[in-house]
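These notes are about the structure you will find just below.
The values are calculated or read from the model by the stated rules, or taken from the named source; none is laboratory data. Computed from a predicted structure; not experimentally measured. Counting neighbours? That spans all protein chains shown, and the Cβs are built from the backbone with ideal geometry, glycine included.
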Amino acid sequence: MTNRAKAWFDDVAAGTEIPPATYGPMDRSGYITTAIVLRDTNPLHLDRVYARERGMPDVVQQGPLNQAYLYRFLTDWLHRPWDLRSTRIRFVANVFPDDLLTCRGVVTRTWREHGEPLVACRIWQENQHGGQTLTGAATFTLPERS
Amino acid sequence: MEHDRKALIGHTFAPCRCVLDEENVRDFRGVVGEDHRAMATAAGALLDGYERRVIPPSYAPLIALSSLLRTIDWEKDFALDYSTGTSMFGEQEMVYPRPLYVGETLSIVGTVLDVVEKRGKRPFDLVSIAVSATDEAGAVAFRGSMGFVLFK
């Protein structure tokens, strides 16, 4: 992972790249915890034989877990995690055990609303083959240096 | 006769009581590696201006989905056996007007916004469900929508 210093409103503008972050390899043992939290025991996420019988190479990582890494990528860059204001995420492709997920983003707009400095960005997630697994957008606030 | 999922447009499911409980938040943070000080300790939360420990924002979509899974009767409402993997996530939008705190209780309600029939290799419906989470004071904690691809 690259050094990801916290962001400041003064330093970003449309076109600014959000420092990327890579997570993984994905660990299937985390799927059990996720299933417990979700209270969703769909065997597609837990039973390798079941998944292979349905044409998958392995169990499928739960979509909300894929999304969690994209959220973390963004909120780790913020000073405070709940400076996040909104997200829009589209699920594009499945993630499997041992995948490496690289999260990327680009600022698309900065503005002020009721005095609050706001930033909009495009965000996405790729696997180790360069294929997109999630795409989307987010808005957040950033502190100012002065 | 084919099940008409469009008949559900406008339908609101029963509210789901959801506690952001310590154990689940802790275990989930361990999986994703969420280690921000505001999530880890009360002192860390105070340093960041939060009244108490916050959950990771990455946990919020799980809460929304978990609540829908508990309140929707997929077989009765959508003629779908959810356990067999014949559904996929579509597009999801979330708005966060305030932080979410470890230990708080939310009431989460889903309402079917739209059902659009599509035809790919197999026919499917795009189902969009609005989600609203309110706290014990009745204020909105988060809101959004979740899209599902449900094969026929």
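One table, with the values for the structure above:
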item	result
Unmet requirement for A:Gly15, which otherwise passes all of (1) more than 8 Å from every other protein chain (Cβ to nearest Cβ); (2) on the phi > 0 side of the Ramachandran plot; (3) free of Cβ contacts under 8 Å to residues at least 40 places away in the same chain	(3)
For A:Leu44: the one exception among (1) closer than 17 Å to B:Glu34 by Cα; (2) within 13 Å of chain B (Cβ to nearest Cβ); (3) modelled with pLDDT under 95	(1)
So B:Arg98, is it touching a helix residue (DSSP H, G or I) at 6+ places or on another chain (Cβ under 9 Å), within 9 Å of chain A (Cβ to nearest Cβ) and part of a loop (DSSP other than H, G, I, E, B)	yes
Filter result (out of contact with any Phe, Trp or Tyr (no Cβ under 8 Å at 6 or more places or on another chain) and either within 14 Å of another protein chain (Cβ to nearest Cβ) or crowded, with 19+ Cβ neighbours inside 10 Å (or both)) within the stretch B:72-87	B:Phe78, B:Ser83, B:Thr84, B:Gly85
Residue in the stretch B:88-109 that is without any contact (Cβ under 8 Å) to a residue 12 or more places away in the chain and surrounded by fewer than 17 Cβ atoms within 10 Å (Cβ to Cβ) present	no
Residue in the stretch B:41-58 that is part of a helix (DSSP H, G or I) and facing chain A (nearest Cβ under 7 Å) present	yes
Test set (1) at pLDDT below 95; (2) among the hydrophobic types (A, V, I, L, M, F, W, C); (3) in a strand (DSSP E or B); (4) surrounded by fewer than 21 Cβ atoms within 10 Å (Cβ to Cβ) - B:Leu69 fails condition number	(3)
Answer residue from the stretch A:51-66, given it is out of contact with any Leu (no Cβ under 9 Å at 6 or more places or on another chain) and in a helix (DSSP H, G or I) and is nearest to the other protein chains (Cβ to nearest Cβ) among those	A:Glu53
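Residue-wise test of (1) of a type in the set (Gly, Ala, Ser); (2) assigned to a loop (DSSP other than H, G, I, E, B).
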position	(1), (2)
A:Ala21	yes, no
A:Val49	no, no
A:Ala68	yes, no
A:Leu78	no, yes
